[in-house]
Amino acid sequence: MDERPIAEPRLARLTCHPGYLKREAPYGLEGVHAAIRQALESGDLAAQRFLEERLAEVIGEDVRAALQGIEWAQSAREPELSLYLRAVRETEAVRAPAVVDRLARMAETHPDPDHQASALMALETQHRFEPALLERLTTLARRDTLARGVVMNAVRAIGRVMDNDFQRTGELEPYLGRLLEVALDSREPDVRSLALEMGTYPGARIEGKSLQGMARFLTEDPAPGVREMAALVMSSGRDTQAVLDAFRESFPREKNECVRWALVRFAMRAGGAQALPLLKDFARQDARFQRDYVDFKGLYDAGQVDFDRVFPLKAIRHRCEG
């Protein structure tokens with residue numbers, strides 16, 4: 001899973017640019033803009049990092065300043081484009097309706113994929129998506145004419161704001177349902193896998209229709225990587241027995257060793273010692289998993305109960321990623 005990198009400490013050398021600071025201090029936003037252009041022209045990366053933070057500080061809660069930053073980004077190229085939108089992303093003003101709408105319109109209509117992707121990333125710090133905006137981003141993510149990178153960023157924006165909203169309210173819907181819609185529509189395995197993966201971000205216990213929707217990918221998706229991802233996400237299901245039943249049903253149909261290995265280990269993640277009889281049945285059906293059954297049984301019989309502690313002690317016997 002992606003994590004936002006920890007901000008580097010603001011060292012003194014990043015602020016020791018008298019030429020930039022002297023130029024921007026008396027003129028506020030326009031001064032920062034001029035200093036940014038100067039830093040870009042000189043290729044001074046330290047100054048660019050400092051001025052990005054400074055731009056976010058100057059914008060603060062000022063909606064008009066945020067809109068101006070987006071306007072500068074509208075006609076800019078990299079790395080200037082991303083600098084402006086990363087700065088806007090970290091402000092309070094980014095949650096103002098006018099700013100949200102302007103970023104969404106850039107994502108929907110700008111002819112350049114870099115602008116679309118950067119606008120979507122700027123939306124990721126929203127506390128929640130209103131239904132109309134969620135609908136717009138879902139529609140965007142389902143457009144098969146877009147560059148794949150733009151679609152992936154639309155999916156990430158939905159997933160990361162779902163995480164933000166979940167931390168505040170404990171609710172996954174309607175975000176997770178929208179992600180499943182995107183996954184069902186997409187012809188790209190990477191997009192389908194990412195849309196499912198976002199369901200793991202909040203650390204929530206998936207249930208009901210969402211869990212049933214994941215089960216479809218487990219048995220019907222043509223890409224092994226997507227089926228593995230579905231098994232991972234389902235292992236967080238609230239109804240442990242429903243998860244194990246879905247795994248029991250899919251194992252005989254599954255011919256890929258690595259997906260079967262995913263079913264084995266994620267069954268143990270979902271059910272712990274409760275899943276050992278199922279794992280024994282898997283080993284009966286496929287002798288390649290007999291030693292896995294013995295390994296897991298020995299670890300649980302020894303008193304281990306937490307899968308996150310069990311799995312690092314488990315010998316890996318299959319040449320599979322993850």
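The values are calculated or read from the model by the stated rules, or taken from the named source; none is laboratory data. The model shown is predicted, which means the values in this text are computed figures rather than measured ones. Note that we place each Cβ from the backbone using ideal geometry, even for glycine, and neighbour counts take in every protein chain shown.
Among the residues making up the range 208-240, none is more than 13 Å from residue 193 (Cα to Cα), crowded, with 24+ Cβ neighbours inside 10 Å and β-branched (Val, Ile, Thr).
Which condition from (1) out of contact with any helix residue (DSSP H, G or I) (no Cβ under 9 Å at 6 or more places or on another chain); (2) over 25 Å from residue 172 (Cα atoms); (3) part of a helix (DSSP H, G or I); (4) modelled with pLDDT of 95 or more is the one that residue 111 breaks? Of everything listed in (1) out of contact with any helix residue (DSSP H, G or I) (no Cβ under 9 Å at 6 or more places or on another chain); (2) over 25 Å from residue 172 (Cα atoms); (3) part of a helix (DSSP H, G or I); (4) modelled with pLDDT of 95 or more, residue 111 misses just condition (3). Within the range 88-100, the set of residues being surrounded by fewer than 17 Cβ atoms within 10 Å (Cβ to Cβ) and either without any contact (Cβ under 8 Å) to a residue 24 or more places away in the chain or not in a loop (DSSP other than H, G, I, E, B) (or both) comprises 95, 97, 98.
When we screen 290, 304 for residues that are of a type outside the set (D, E, K, R), in a helix (DSSP H, G or I) and surrounded by 13 or more Cβ atoms within 10 Å (Cβ to Cβ), the only hit is 290.
Exactly one residue out of 259, 264, 243 is part of a helix (DSSP H, G or I) and touching a strand residue (DSSP E or B) at 6+ places or on another chain (Cβ under 6 Å): that is 243. The single condition among (1) of a type outside the set (A, V, I, L, M); (2) closer than 23 Å to residue 163 by Cα; (3) modelled with pLDDT under 95 that residue 143 does not meet is (2).
Exactly one residue out of 137, 103, 55, 83 is surrounded by 17 or more Cβ atoms within 10 Å (Cβ to Cβ) and in the same structural domain as residue 157 (by TED's automatic domain parsing), and it is 137. Residues in the range 165-207 that are in contact (Cβ under 8 Å) with a residue 60 or more places away in the chain and among the basic types (Lys, Arg): 0 in all. Residue 129 meets the conditions (1) of a type in the set (A, V, I, L, M, F, W, C); (2) part of a helix (DSSP H, G or I); (3) surrounded by 15 or more Cβ atoms within 10 Å (Cβ to Cβ) in every case but one. The failed one is (2). Among residues that are touching a Leu at 6+ places or on another chain (Cβ under 8 Å) and among the polar types (S, T, N, Q), residue 68 is included.
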